[in-house]
Amino acid sequence: MTNQITITGLPDENTIARRYTQALFGIAEEKSLEQEFLSQLTDISTVLSADTDRLGKLMLVGRLPLNQQKELLQEVFAQQIHPLLLNLLFLLLDKGRGGYLPALLPAYQRLLDEKFRVLPVTVVCPYAMAAEQEASLAVAITKLCGKQIRLNQVVDNTLIGGLKLIIDGKVYDGSLQRQLEKLETNLKYN
């Protein structure tokens with residue numbers, strides 16, 4: 001028989017990222033820097049997740065000593081991001097929470113969406129839509145939902161045709177695959 005210890009009550013990754021993000025967002029609101037911080041968090045996320053750049057892997061895995069990690073961040077971001085944002089990155093490293101850096105951007109985006117009452121919508125399609133198609137779809141969804149939306153496009157090469165929409169956690173499947181499944185079901189049982 002194996003003894004297993006279960007630790008409860010510890011915050012999960014999203015909770016920790018959310019706490020730091022809420023503090024950052026509060027400061028951004030006070031200084032009217034919400035959009036600027038979003039843009040800079042997007043830049044940070046891009047740099048840290050770039051496949052060709054080893055910076056993200058070195059930072060997130062913690063292979064470098066803390067002082068070298070901070071020097072690297074200072075070198076890469078000092079001229080590109082607000083000093084308050086850079087201080088947050090340093091704080092995360094100081095607390096041994098550099099691994100939470102990737103979770104900051106989505107958490108911050110959610111707070112921004114809540115503030116401005118924007119509904120995030122994900123459209124899954126078999127190919128990248130042209131800008132006109134995306135704009136037309138956004139207008140149609142806005143009319144249906146009655147809310148301002150932020151459209152995120154995801155390409156899924158396994159789709160034959162059609163679209164899937166994910167709105168407020170609900171999936172609206174208008175893909176050709178789903179339509180064929182419905183047709184098959186109707187033919188079997190009718």
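I'd like to know how region 13-113 sits against the 2.2 N^0.38 Å rule of thumb: what's its Cα Rg over that expected value?
Compactness ratio reported: 1.00.
With the dipole of the chain worked out from charges on the C-beta (+1 for Lys and Arg, -1 for Asp and Glu) around the Cα centre, which of I166, T15, L187 lies farthest toward the positive end?
L187
Could you work out how much longer the chain between T142 and K188 gets when fully extended? Use 0.36 nm per residue separation minus the Cα distance between them, nm to one decimal.
12.9 nm
Quick one: how many lysine pairs does the chain have with C-alpha atoms less than 17 Å apart and a gap of 8 or more or different chains? Give me the count, please.
So the count of such lysine pairs works out to 6.
Could you tell me the extents of the chain's C-alpha atoms along the three principal axes, largest first, rounded to whole Å?
The principal-axis extents, from largest down, are 69, 58, 35 Å.
Can you list, bin by bin at 5 Å, the percent of alpha carbon pairs in region 117-189, starting at 0?
It works out to 3, 16, 23, 23, 16, 9, 6, 3, 0, in whole percents.
Extension gain D43-L180, at 0.36 nm per residue separation less the Cα-Cα distance, in nm?
45.2 nm
Any idea what angle helix 83-94 forms with the longest principal axis of the chain, computed on alpha-carbon atoms, 0 to 90 degrees, nearest 10?
Result, in degrees: 80.
Run the dipole for the chain about the Cα centre, Lys and Arg Cβ at +1, Asp and Glu Cβ at -1, nothing else charged, and hand back the magnitude in debye, nearest 20.
440
Please list the equivalent ellipsoid semi-axes of region 61-118, computed as the square roots of five times the alpha-carbon gyration tensor eigenvalues, in descending order and whole angstrom.
25, 14, 8
For Cα pairs less than 8 Å apart in space and 6+ apart in sequence, what is the mean separation divided by the residue count of the chain, i.e. the relative contact order in percent?
Computed over the chain, the figure is 18 percent.
Each reported figure results from applying straightforward, stated rules to the coordinates on display, with no laboratory input. Predicted, not measured: the structure shown is a model, and the values here were computed from it. Note that we place each Cβ from the backbone using ideal geometry, even for glycine, and neighbour counts take in every protein chain shown.
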